[in-house]
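Colleague: Got a structure here, written out as structure tokens. Questions coming.
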Amino acid sequence: MAASEPALLADGLTKRYGDTLAVDRLNLAVRPGEVYGFLGPNGAGKTTTIRMALGLHRPTSGRAAIFGIDAWRDPVAAHRRVAYVAGEPALWPRLTAEETLIFLGNIHGSVDEAYRQTLIGRFDLDVRKQIRALSKGNRQKVQLVAALATRADLLILDEPTSGLDPLMEAAFRESVREAKARGQAVFLSSHILSEVE
């Protein structure tokens, strides 16, 4: 694949649910080392776009590609270089935060363990607690630490600061700056302009 291949590409990406048009001919390209803010109000199709890019929903027309790979056709290859943070954390309630981080790292297949420890400290995450005992903000921290620690070439972050307090939002911004400095692409979906700025 060419070095100039976008980390994330949408070309005429469209999604309909019956008579509802959720995404209409979206075109975008996110390059390695770029932080791309994907803004829109709730219900504008941001999460649907992400799900199509990840191959979780099939586009009605157009295409989405991750480093040139269509995730609908070849999800395993496409996901090798991606880490994803969902807007609503759906984690295993009986696992501790530490067990969850280890499990997610094993699924991804690549984790910078030293950086994961740095992130645990930065986000002030108590890894001994079970997921079911964590607030939404702390569950979001688990997702963020797991994704960032992979050092994936593309980070897809859907409403990543939902539930975080201002200090943790600052920790998040620091982590995104580090990812950008390493040449990682960051696709940041939000309805909050100041967050993306």
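Colleague: Rolling a 1.4 Å sphere over the protein heavy atoms, what is the accessible area per residue of the chain, to the nearest Å²?
Modeller: Numbers: 9880 Å² over 197 residues.
Accessible area per residue, the chain: 50 Å².
Colleague: For the stretch 61-130, how big is Rg over Rh, using alpha carbon atoms and the Kirkwood form of Rh?
Modeller: On the way: Rg = 15.0 Å, Rh = 14.2 Å.
Rg/Rh: 1.06.
Colleague: Based on a Kirkwood Rh over C-alpha pairs, give the Stokes-Einstein translational diffusion coefficient of the stretch 83-197 at 25 °C and viscosity 0.890 mPa s in µm²/s. All intermediate terms of the calculation are to be shown ahead of the outcome.
Modeller: Values: Rh = 13.9 Å.
Estimated via Stokes-Einstein, D reaches 176 µm²/s.
Colleague: Could you tell me the distance between the Cα centroids of the stretch 17-94 and the stretch 150-169, to the nearest Å?
Modeller: Result: 16 Å between the Cα centres.
Colleague: Next question, about the same structure. For the chain, modelled as a Gaussian network with Cα springs under 10 Å, which listed residue fluctuates most, ILE156, ILE131, ILE66?
Modeller: Greatest mean-square fluctuation among the candidates belongs to ILE131.
Colleague: Obtain the nm distance between the two label points defined at ASP11 and SER61 by a simple spin-label model: each point lies 7 Å from its Cα along the Cα-to-C-beta direction.
Modeller: Between ASP11 and SER61, the simple spin-label model gives 1.6 nm.
Colleague: Now, a different point. Anyone know which of TYR17, TYR36, TYR84 comes out most mobile in the 10 Å Cα GNM of the chain?
Modeller: Of TYR17, TYR36, TYR84, the most mobile in the Gaussian network model is TYR17.
Colleague: Further, regarding this structure: What range in the chain is the longest one free of trypsin sites (Lys or Arg not before Pro) that are in a loop by DSSP and have at most 13 other Cβ atoms within 10 angstrom?
Modeller: Details: sites that count: ARG73, ARG94, ARG128, ARG182.
That gives 1-72 as the longest site-free run.
Colleague: Oh, and also: Report the relative contact order of the stretch 71-197, percent, no decimals, based on alpha-carbon pairs under 8 angstrom and at least 6 residues apart.
Modeller: Working: 174 pairs, mean separation 38.4, N = 127.
Worked out over the stretch 71-197, it gives 30 percent.
Colleague: Taking only DSSP H segments of four or more residues, each worth -39500 (n - 2.57), what value at 222 nm results for the chain once the sum is divided by all its residues, to the nearest 500 deg cm²/dmol?
Modeller: Numbers: 7 runs with 69 residues, N = 197.
Computed ellipticity for the chain at 222 nm equals -10000 deg cm²/dmol.
Colleague: In nm, to one decimal, how far is the modelled label at LEU39 from the one at LYS136, with both set 7 Å along Cα→Cβ?
Modeller: 2.3
Colleague: Still on this model: Can you list, bin by bin at 10 Å, the percent of alpha carbon pairs in the chain, starting at 0?
Modeller: 9, 36, 37, 16, 2
Colleague: Would you mind getting me the FRET efficiency between ARG31 and ILE192? Use the beta-carbon distance for r and R0 = 22 Å, nearest 0.05.
Modeller: Numbers: r = 23 Å, r/R0 = 1.07.
About 0.40, to the nearest 0.05.
Colleague: So what is log10(I(q)/I(0)) for the stretch 1-77 at q = 0.15, 0.17, 0.18 1/Å, when the Debye sum runs over its Cα atoms only?
Modeller: -0.49, -0.62, -0.70
Colleague: May I ask you to give the percent of accessible area on the chain that is carbon plus sulfur, with a probe radius of 1.4 Å?
Modeller: 49
Colleague: Another question, if that's okay. Å³ per residue of the Cα convex hull, for the stretch 130-197? Working shown, then result.
Modeller: Numbers: hull volume 5.7 nm³, N = 68.
Taking the convex hull of the Cα positions in the stretch 130-197, it is 84 Å³ per residue.
The values are calculated or read from the model by the stated rules, or taken from the named source; none is laboratory data. If you're wondering where the values come from, they're calculated on a predicted model, not measured in any experiment. All Cβ positions, even for glycine, are placed from backbone atoms using ideal geometry, and neighbour counts span all protein chains on display. These area figures cover heavy atoms from the full protein model, side chains too; ligands, DNA and RNA do not enter into them. Shrake-Rupley method; radii C 1.70, N 1.55, O 1.52, S 1.80 Å.
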